[in-house]
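K.L.:
Got a structure here, written out as structure tokens. Questions coming.
The values are calculated or read from the model by the stated rules, or taken from the named source; none is laboratory data. What you see is a predicted model, and the numbers here were worked out from it, not measured in a lab. Every residue, glycine as well, gets a Cβ built from its backbone with ideal geometry; the counts of neighbours run over all protein chains shown.
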Amino acid sequence: MSEETVIQTRALSKVYRDFWGRQKVRALKALDLEVHRGEIFGLLGPNGSGKTTTIKLILGLLFPSAGEAVVLGKAATDVGKNERIGYLPEESYLYRFLNAEETLDFYGRLFDMTPETRQERVDTLIKQVGLDKARKRQLQEYSKGMTRRIGLAQALVNNPDLILLDEPTSGLDPIGTREMKDMILRLREEGKTIVMCSHLLADVQDVCDRIAILHQGELKELGRVDQLLTVEDITQIRARGLSEECKNEVSQVIARHSGELLEMANPTTTLEELFLGIVRDSEARPGRRAKVTAPVSNPDNKK
């Protein structure tokens, strides 16, 4: 992962006001954030935490009340940068009477692609998202999962450097979810930078390198997923081939009993436990950065 900064926000804030200019909602408060090239970054939070506002500020669809955002080296309000951005909204707004080929061809025309380039790109993307057998069907006949797939293809039609995904696995069955996550990982291998929002925390845990957790418009946690989920004050030992007697002894006795030490490390919690702990702590101590020690998860699902 490169350290080149693709997205940087400095004290980014957004206040929604009513008709008379009075403050109605503070959607985002002094957000400081960096997203690096080639990483998958997860933006998490409960409903109303500021995720969608952040995405719209990055795209330049909203103007900040204070602070600034720089995207791909340009101010977020510079619409020229959007030629290098792909966006999959939570609800894709597509022309339902068009088929997959016509849909992608239409969006390719918006980027002034030549007919040859459009045709090649359309064919590649339809195969990539697994809709080759449904390429001639109108979108109104698509299931929600198929609509998400063509929505992702639409977001990739311009071969963007930065991809923003809002609930990318929404409506997908388990197989489709796994395929979507595999596609996201392949995009990272191609050097793309991905920012994704999702309420399915297991999906975020599977694919994201770093995450930021927002609550009530404030940043509550930021860091690498593996580091945030590590329980620092507990050591977990896994071994094989030990007698019952040896199981009751400490780790240095394992070698003496010819046991095979498989693992000695800090156990990890789950992203769901971390997320819920941060939200609860934030509600108990509003306005302060969360300090949470999440419970250890049970990897074997034993009660």
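One line per residue, one yes/no per condition, for (1) over 21 Å from I184 (Cβ atoms); (2) free of Cβ contacts under 8 Å to residues at least 24 places away in the same chain; (3) aliphatic (A, V, I, L, M):
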| site | (1), (2), (3) |
| --- | --- |
| I7 | no, no, yes |
| K29 | yes, no, no |
| E34 | no, no, no |
| I40 | no, no, yes |
| L44 | no, no, yes |
| L61 | yes, yes, yes |
| D78 | yes, yes, no |
| I85 | no, no, yes |
| Y95 | yes, no, no |
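K.L.:
Report, by residue number, each residue of segment 62-98 that is touching a Leu at 6+ places or on another chain (Cβ under 9 Å), buried (at least 19 other Cβ atoms within 10 Å of the Cβ) and farther than 18 Å from I163 by Cβ.
P.N.:
Selection gives P64 alone.
K.L.:
Let me ask something additional. Looking at segment 14-25, which of its residues are part of a strand (DSSP E or B) and among the charged types (D, E, K, R)? Quick ask: steps written out before the conclusion?
P.N.:
Of the residues in segment 14-25, the ones part of a strand (DSSP E or B) are 14-17, 23-25.
If the condition is that a residue be part of a strand (DSSP E or B) and among the charged types (D, E, K, R), then K14, R17, K24 are the ones that fit.
K.L.:
Additional query: Could you tell me whether any residue of segment 194-202 is in contact with a Lys or Arg (Cβ under 9 Å, 6 or more places away or on another chain) and either surrounded by fewer than 17 Cβ atoms within 10 Å (Cβ to Cβ) or closer than 22 Å to L98 by Cβ (or both)?
P.N.:
No, that holds for no residue.
K.L.:
Just give me the residues in segment 121-146 being closer than 13 Å to L172 by Cβ and free of Cβ contacts under 8 Å to residues at least 12 places away in the same chain, in sequence order.
P.N.:
Once the filter is applied, which keeps residues that are closer than 13 Å to L172 by Cβ and free of Cβ contacts under 8 Å to residues at least 12 places away in the same chain, segment 121-146 yields only Y142.
K.L.:
Filter segment 154-183 for residues that are polar (S, T, N, Q) and within 19 Å of T124 (Cβ to Cβ); which is surrounded by the fewest Cβ atoms within 10 Å (Cβ to Cβ)? Give the steps one after another, and end with the answer.
P.N.:
Of all residues in segment 154-183, those polar (S, T, N, Q) come to 154, 158-159, 169-170, 177.
Right, trim to within 19 Å of T124 (Cβ to Cβ) and you get 154, 158-159.
Numbers: Q154: 22, N158: 19, N159: 15.
In this case the residue turns out to be N159.
K.L.:
Would you mind finding the one in S258, S251, S198, S243 that is modelled with pLDDT under 90, closer than 29 Å to N158 by Cα and of a type in the set (S, T, N, Q)? Walk me through how you get there before you give the answer.
P.N.:
Numbers: S258 fails: closer than 29 Å to N158 by Cα; S251 fails: closer than 29 Å to N158 by Cα; S243 fails: closer than 29 Å to N158 by Cα.
Sole residue among the options that is modelled with pLDDT under 90, closer than 29 Å to N158 by Cα and of a type in the set (S, T, N, Q): S198.
K.L.:
Might you let me know whether segment 112-131 holds any residue that is among the small types (G, A, S), assigned by TED's automatic domain parsing to the domain that holds T54 and in contact with an Asp or Glu (Cβ under 7 Å, 6 or more places away or on another chain)?
P.N.:
So far as segment 112-131 goes, yes, one or more of its residues are among the small types (G, A, S), assigned by TED's automatic domain parsing to the domain that holds T54 and in contact with an Asp or Glu (Cβ under 7 Å, 6 or more places away or on another chain).
K.L.:
Give segment 210-229 a look and list any residue that's charged (D, E, K, R) and surrounded by fewer than 17 Cβ atoms within 10 Å (Cβ to Cβ), or say none.
P.N.:
R224, D226 - these are the residues of segment 210-229 that are charged (D, E, K, R) and surrounded by fewer than 17 Cβ atoms within 10 Å (Cβ to Cβ).
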